[in-house]
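Notes for the one structure printed next.
The values are calculated or read from the model by the stated rules, or taken from the named source; none is laboratory data. Only a predicted model underlies this, so the values are computations on that prediction, with no experimental measurement involved. Cβ placement follows ideal geometry from the backbone for every residue including glycine, while neighbour counts extend to all protein chains displayed. All accessible areas refer to the heavy atoms of the entire protein, side chains included, with ligands and DNA or RNA removed. Shrake-Rupley method; radii C 1.70, N 1.55, O 1.52, S 1.80 Å.
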Amino acid sequence: DRKDELFISAASSLTDAMQAAETEFGKAHPDIELVINYGSSGKLSNQIEQGAPVDLFLSASAKDMDRLVEGELIDGTTVVPFASNHLVLASTAAVDEVPDFSAVLQGFEGKIAIGEPESVPLGMYTREALTELDLWESIEERVIYAKDARQVVSYLESGNVEAGIIYSSDQGLAQGLQTMVELPDTGEAIIYPAGISSTAENQEAAEAFLAFLTGEEGQEVLEQFGFRAAEGVPEK
Amino acid sequence: MLHVDFRKQLEHFELVVDFQLDNEILALVGSSGSGKTTLLNCIAGIVHPDAGSISLNGRNFFQEGNKPLKIQRRKVGYLFQDYALFPHLSVEQNILYSRPPKSDMAHITAVTKVLGITDLLPKYPHQISGGEKQRVALTRALAAKPDLLLLDEPFSALDDDTRERCQEELLRIHEIWNIPIIFVTHRQADAQKLADRVIRVEKGQMTEQLISEASL
Amino acid sequence: MLHVDFRKQLEHFELVVDFQLDNEILALVGSSGSGKTTLLNCIAGIVHPDAGSISLNGRNFFQEGNKPLKIQRRKVGYLFQDYALFPHLSVEQNILYSRPPKSDMAHITAVTKVLGITDLLPKYPHQISGGEKQRVALTRALAAKPDLLLLDEPFSALDDDTRERCQEELLRIHEIWNIPIIFVTHRQADAQKLADRVIRVEKGQMTEQLISEASL
Amino acid sequence: MTQDLSPLFLSLKVASVSTFFVFIISIALARFMSRRNFFGKSFLDALILLPLVLPPTVIGFGLIVLFGLNGPLGSWLEQWFGVRIVFTWVGAAIASFVVSLPLMYQSVTAAFNKIDSRWENVARTMGVSEWRIFRTITFPLAWPGILAGLILSFARGIGEFGATLMVAGYIPGQTETIPLAIYFAYEAGQMEKAAFWVIIISALGLAIISWVNYWRKKTEIRIGRE
Amino acid sequence: MTQDLSPLFLSLKVASVSTFFVFIISIALARFMSRRNFFGKSFLDALILLPLVLPPTVIGFGLIVLFGLNGPLGSWLEQWFGVRIVFTWVGAAIASFVVSLPLMYQSVTAAFNKIDSRWENVARTMGVSEWRIFRTITFPLAWPGILAGLILSFARGIGEFGATLMVAGYIPGQTETIPLAIYFAYEAGQMEKAAFWVIIISALGLAIISWVNYWRKKTEIRIGRE
Ligand SMILES: Nc1ncnc2c1ncn2[C@@H]1O[C@H](COP(=O)(O)OP(=O)(O)OP(=O)(O)O)[C@@H](O)[C@H]1O
Ligand SMILES: Nc1ncnc2c1ncn2[C@@H]1O[C@H](COP(=O)(O)OP(=O)(O)OP(=O)(O)O)[C@@H](O)[C@H]1O
Ligand code: MOO
Ligand SMILES: [Mg+2]
Ligand SMILES: [Mg+2]
C-alpha cells in the first residue's frame, strides 16, 4: 500500500547519514515507511526524468535539481537546501604543518585524483575551487579523473596517487589517511538541495520528512556524518 | 509399387535411373562410387534428383517442378551405410526412437532376439562392435514398420553365421509385410539368396541383370 | 617379429590371446562381437590389456607392471573399422597427414593410383562414398611406412574388382616392406588369397586354423 | 556480524528468472537464425551482441527509456498487466536478461552449427516431427555448448551491476542484489561487509561449478560418441 | 562536429591485445584442465568465473591493489620490466583480459569436451606429436566453439568499462576507451557525443559480426562432417 510509503531518491554520498536519519525519523513518525533509493545525483535525476516513482529528491548538486525543476518534475516552490559540504585534500602521506594550502598541494609530486569536472559534481566543485585559487593550471598535468569520491579514495588507499580531493562528508570512506586539509573557502558553497516531486503521491509525508531533515534533529544527524548546515537553514 | 525414374548430375557422371518395383526384393550392385548410396538417398528424400519422378503406391515422393514430399511423410525404413546411430541414445532408445511410447513392440522384440543384440540394449553406440552396430541399425530401420525398406550394405560387417540369421529374418519379415525392399551388396551370394531382381549401377548407368549372371 | 600374449576382461567374456607373428600376413576371423577390434586396439595401444605383454621386434609395447609404450612410438599403421577419417581435412591431407612436408611420396602416389582414388584427392570425407572412404583409410594407414599393419575389415565395402586391386596392392607392399600384417575379415576368399595364417577368435578365445578349414 | 541475507535470495531469483528467459529466447533465436537467411540478419546478430560492448550505465539508460513509466513498453506493461519495471526486481531481471542474452546466443549458435545433419535426417526418415527431432536429437547433441552458455548467463545474471542499478535502483532490502550490496558497501568504505558478500558470491560460483561438473560427469555417457 | 577518434583506436588496441592473451591462456588452461584431475580443480574453475559475478568496480579495486605501484605484482613489473600498469593502456588491457577470460574459457572447454578422442588416437598411431595433434586436429575441430568465445571476448574487451576506469583511470586522449568516452559524455549530459560513440561502437560490432559470418561461410567446408 503506497499510502504509508515515502519514496526518496538520495545522493549516494548521503547513504550513511540517511540510514541514521531514517531511524530517528521513524521514532517520531512510525506510520511512515521510508523507501530510499541511492545513486549518483545524475543517475537519480535521469530516473526521475523517465518517470521513476519518487516523492522526494535529495540531490548533491544544484545543477541536477534545477534541471528537474525546469522540467516541472520537481515542484520548484518546495526546493530547499538542507546541507552543505566542503572539499578536503586527502593523502596517505603525512605532511608537516604548513599554513598555506597551496604549499601543501604543491608539495605533492605524484598524481592527484579528483572528480571528473564535466560529469561529477565533486569534480566540478574541485575545478572551480582550484581555478579560483590559481592552482588549476599548475596541477592539471598530474590529474587523474575519477567517477566519484570513492574512486579517489581507492586510488589513495592503493598508493597509486599521492593526493586526492574529496568531500569532507566522505572522510569516513577512507582508512589510513594521514592528511586532511580543508580547501580555503572560495565563496562558492557546495549546497545539497531537496525537492518534492510535482507528482508526489505522498505529499504530506514528504513535507514531514523534509521538515525533519531541515530541523534540529535532522541537522544534528547530518553533522555527525561530516555535513554542515546550509545557508537558509537555521544554525543550531 | 515403387516407381523410380530420375536423373541427377554428380561430379564425374550423371546418375540415370528408371525402374519399377513391386513388393519384391531388389539387390543393387555396382562398383564403389558408382552411385548406389545416392540412389537410395534420392528415394529417401535426403537429396533430390534434378529431374524425373519417384512415387510409392501412388504417393508422389518427387515430381519435377513440385515441392518434394517431406522425408517424414515417405514412411521409408533406411539403414545408412555408416549406420548413423544416435550417439547419445542407448541401443534400446535408438531402436525404439520412432515408436510412440505404448505401441506394440512384439515384432521388435522378436527381431532383437534373432539378431542377437538383446544383451546390448542398455549399451551406447560407442560401446559396441562394428557388426553389432550394423545389426542395431538394421533393427532400427525395421522398427517403424515402413512402407519401403532401403538397406545400404546391411550385412557387410557380419560373419557367416550372423549374416545367415539376419538374412533369414529379413526374408521372414518380407513375407509378412510384403513391401518393396532395396538392398545394396557386394556379395553374389547375398543377391542370389535374397533378391528377386538385381540391378547393376556403373558410373550412374543402370542395367537389370539376371541373378545368376551377376558378377559383383 | 610380433609377440602377443595378454588377457583383457570385457563385459561378457575375457579376451585371451597368445601368438607370435613373423613378417607374415595373418587373417583374424570370428563372429561379430568376439573381440577382434579389441585385439587390434590393444596392439595399437588405444586400449591396454589387463595382464601379459606385447612386443614388436624386441621393442616392448606393453609389459605388465610397466608403463605402456606411447601410441606414437609404436609405428603401427592402423585402418580403423569405421575409417575415422579426419572430417576437416581433404582426402589428400588425410593421406599425407603423417608425412613430413618434403618427404618422398612416390609410394603413396603409386598406391593412390592403383586404388583409384586419385580423382578424390581434393574432396572432403563427407563428399565421398563408403567404399571410397575405405580405400582412403587404407592408403592413409600405408602412408607412414609402418613397422606393423593392422587392418580392421579393409575390404568390406568394396566390389569384387576394386577389392581384387586392393588385395594385389597389399601383397605387393608386403613383398617390399616385409612387415607383419594383421587383417580382420569375414570372407573366406580374402583369407585364402592373402593370409599365411588364420586365427579365429570366438568369445575372446583364440584358436589357430588351417586356411582351408576356415569357415568364416 | 549478523547479515541480512536477502541480497542472496534476490540475486538467485533475478538470475534464475533472467536465465530462464535467456535460455528459451536464445534457443528460439539461434534456431531461427540458423535455418533462415534474410536481409538484415547480420544486423540482428550485431544488435544482440551490442549489450556486450556498451557501458552498463548506457544500457541501463536505454532500458529505463524503454521501460520507464513514460516509456513505450513501460507504460504499456503498467496499463495492461499492472507490472511495474522501474525500481522492482523485475527491472533487475530485465537488465540481467539483456546483458546475458549475447553470451547464451553465441554459445548456442556455435553448438547448433556443429551438429551433423545426418542424425536429423535419420530421424526424419522415421517420420518424427521436426519439433521432436529438435528436442531429442539436436538439443542433446548441442548440450555441452548450451550448458556453457547457461553457466555464463547465470553467472553474468548474478553479477549484473551497472544496468541493474539504473533500472531497479538501489533500494536496500527490495532491489539490493549481491553486486549492489558489494558496490555500496565498498563505496561506503564498509570493507567487511563488502568482503562478506564477495565471499558469498564466490562460494556460490564454486557451488554452481562443482554441481555442474558433477552432473556433467554423471550424464557424460549420454553425450558419448557414435 | 569533428571528433577526436583516439578512443576508437585505443579500444581496438586494448581489445586486440587482451583477446590475444585471453586466447592463448584460456586454451592452455582448458587443455590443462581437461586432461588433469587435481585437488582444487573446481575451485580454480570457479575462480576463473569469478570476474563474471563481481561488480566491475570491485574487480578494478582488486586489480589496482595487485598491480598498483605498491602492489605485489605492480612493484615487481615496474622494477624488472619498467612497465607501469596503473593509469596506462596496459591497465585497460589487463582489466579487459580478466573480464573476458571466463567467456573464452567456458566456450573453449565446452568445445574441447565435445571432441571425439578417436581422431586424436588415429593421429597418434601415425606417430604425430601431441602438440601437432592439438594444432591440426583438436583445435580445428573445436573451432566453432573457439570462434564463439573469441567473438564474446573481443566484444567484452571492447566494452569493458568499470574495471578499466578503475585501473587505467580516465585520462582523456591517453586512457579514454570508447565506453569511457560514452560514459563521461553521457554523465556530463553531452548526449550528442555519447550518441556518436554509441553509433561507432555499434558499427564496429556490426562489422565484426558480418566479417566473422562471411569468413565462417568461406571456410565452412573445412569443418564438414566425417
Ligand atoms: N568401448 C566399449 N565399452 C564396452 N564394451 C565394448 C566396447 N567396445 C566393444 N565392446 C564390447 O566388447 C566385445 C568385443 O568387441 P569388438 O569390437 O572387439 O568385437 P569385434 O570382434 O571387432 O566385432 P565386429 O566383427 O562386430 O567388429 C563386444 O561384446 C562389444 O560389445
Ligand atoms: N556429398 C557429396 N558431395 C559430392 N560428391 C559426392 C557426395 N557423396 C558422394 N559423392 C560422389 O558421388 C559418387 C557416388 O557416390 P555414392 O555414395 O552414391 O557411391 P556408392 O555407389 O554408394 O559407393 P560405395 O559402394 O563406395 O558406397 C562418388 O563419386 C562420390 O565421390
Ligand atoms: O551525486 Mo554524488 O554520488 O553525491 O557525486
Ligand atoms: Mg555407398
Ligand atoms: Mg570390430
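Numerical summary
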| item | result |
| --- | --- |
| Test: residue in region D:34-56 that is within 14 Å of chain A (Cβ to nearest Cβ), of a type in the set (Asp, Glu) and without any contact (Cβ under 8 Å) to a residue 40 or more places away in the chain | no |
| Any hit, region B:185-203, residues being of a type in the set (D, E, K, R), out of contact with any Leu (no Cβ under 9 Å at 6 or more places or on another chain) and within 16 Å of ligand 5 (Cβ to nearest atom) | no |
| Residues of region C:22-35 satisfying the condition of being in contact with an Asp or Glu (Cβ under 7 Å, 6 or more places away or on another chain) and either within 16 Å of ligand 3 (Cβ to nearest atom) or open to solvent by 10 Å² or more (accessible area, probe 1.4 Å) (or both) | C:24, C:31, C:32, C:33 |
| Of all residues in region A:27-42 being assigned to a helix (DSSP H, G or I) and open to solvent by less than 30 Å² (accessible area, probe 1.4 Å), the one that is farthest from ligand 2 (Cβ to nearest atom) | A:41 |
| Scan of region D:148-184 for residues that are within 7 Å of another protein chain (Cβ to nearest Cβ) and within 19 Å of the chain's Cα centre (by Cα), ordered by number | D:148, D:151, D:152, D:155, D:156, D:158, D:159, D:161, D:162, D:165, D:166, D:179 |
| All positions within region B:122-146 that are more than 15 Å from the chain's Cα centre (by Cα) and open to solvent by 40 Å² or more (accessible area, probe 1.4 Å) | B:122, B:126, B:127 |
| Residue D:94 vs. criteria of a type in the set (Val, Ile, Thr), over 12 Å from the mean Cα position of the chain (by Cα) and either surrounded by 22 or more Cβ atoms within 10 Å (Cβ to Cβ) or within 12 Å of another protein chain (Cβ to nearest Cβ) (or both) | no |
| Any chance residue B:75 is free of Cβ contacts under 8 Å to residues at least 40 places away in the same chain, away from chain C (no Cβ under 14 Å) and either open to solvent by 40 Å² or more (accessible area, probe 1.4 Å) or of a type in the set (Gly, Ala, Ser) (or both) | no |
| Region D:188-215, subset away from chain A (no Cβ under 14 Å) and surrounded by fewer than 15 Cβ atoms within 10 Å (Cβ to Cβ), residue farthest from residue A:176 (Cα to Cα) | D:215 |
| Of the criteria (1) within 17 Å of the chain's Cα centre (by Cα); (2) within 14 Å of chain D (Cβ to nearest Cβ); (3) open to solvent by 30 Å² or more (accessible area, probe 1.4 Å), which one residue A:90 fails | (3) |
| Count of region B:169-188 residues which are part of a loop (DSSP other than H, G, I, E, B), more than 16 Å from ligand 4 (Cβ to nearest atom) and open to solvent by less than 50 Å² (accessible area, probe 1.4 Å) | 2 |
| Residue within region A:150-158 that is away from chain E (no Cβ under 11 Å), open to solvent by less than 30 Å² (accessible area, probe 1.4 Å) and over 20 Å from the mean Cα position of the chain (by Cα) present | no |
| Selection within region C:54-65 - open to solvent by less than 40 Å² (accessible area, probe 1.4 Å) and either within 16 Å of ligand 3 (Cβ to nearest atom) or among the small types (Gly, Ala, Ser) (or both) | C:55 |
| Selection within region C:9-38 - within 14 Å of chain B (Cβ to nearest Cβ) and either within 16 Å of ligand 4 (Cβ to nearest atom) or touching a Gly at 6+ places or on another chain (Cβ under 9 Å) (or both) | C:10, C:12, C:13, C:15, C:31, C:32, C:33, C:34, C:35, C:36, C:37, C:38 |
| Conditions (1) at pLDDT 85 or above; (2) assigned to a helix (DSSP H, G or I); (3) away from chain D (no Cβ under 14 Å); number of the one not met by residue E:60 | (3) |
| Residue within region D:104-124 that is open to solvent by 20 Å² or more (accessible area, probe 1.4 Å), assigned to a helix (DSSP H, G or I) and among the hydroxyl-bearing types (Ser, Thr, Tyr) present | yes |
| Members of region A:159-173 found to be facing another protein chain (nearest Cβ under 7 Å) and surrounded by fewer than 22 Cβ atoms within 10 Å (Cβ to Cβ), listed by number | A:159, A:172 |
| Subset of region A:1-26 [among the aliphatic types (A, V, I, L, M) and open to solvent by 10 Å² or more (accessible area, probe 1.4 Å)] | A:20 |
| Meets criteria (within 10 Å of chain B (Cβ to nearest Cβ) and closer than 19 Å to residue C:95 by Cα) for residue C:145 | no |
| Output for region D:98-107, where each listed residue is among the hydrophobic types (A, V, I, L, M, F, W, C) and within 9 Å of chain E (Cβ to nearest Cβ) | D:103 |
| Among residues of region E:108-126, those that are more than 14 Å from chain C (Cβ to nearest Cβ) and farther than 20 Å from residue E:21 by Cβ, counted | 2 |
| Candidates C:161, C:119, C:104 - the one that is surrounded by fewer than 17 Cβ atoms within 10 Å (Cβ to Cβ) and either within 16 Å of ligand 4 (Cβ to nearest atom) or among the hydrophobic types (A, V, I, L, M, F, W, C) (or both) | C:161 |
| Matching residues, region D:1-56, being in a helix (DSSP H, G or I) and of a type in the set (S, T, N, Q) | D:6, D:11, D:16, D:18, D:19, D:26, D:34, D:42 |
| Positions within region C:147-170 being more than 12 Å from ligand 2 (Cβ to nearest atom) and within 12 Å of the chain's Cα centre (by Cα), in sequence order | C:147, C:148, C:149, C:150, C:151, C:152, C:153, C:154, C:170 |
| Residue that is farthest from the other protein chains (Cβ to nearest Cβ) [pool: residues in region B:148-168 that are among the acidic types (Asp, Glu), away from ligand 5 (no atom under 16 Å from the Cβ) and assigned to a helix (DSSP H, G or I)] | B:168 |
| Residue match in region B:56-69 (condition: under 17 Å from residue D:118 (Cα atoms) and touching a helix residue (DSSP H, G or I) at 6+ places or on another chain (Cβ under 8 Å)) | no |
| Subset of region C:147-158 [closer than 15 Å to residue C:182 by Cα, more than 16 Å from ligand 1 (Cβ to nearest atom) and either aliphatic (A, V, I, L, M) or crowded, with 22+ Cβ neighbours inside 10 Å (or both)] | C:148, C:149 |
| Residues that are open to solvent by less than 20 Å² (accessible area, probe 1.4 Å) and either away from ligand 5 (no atom under 14 Å from the Cβ) or within 16 Å of residue C:14 (Cβ to Cβ) (or both), drawn from region C:36-50 | C:36, C:39, C:42, C:45, C:49 |
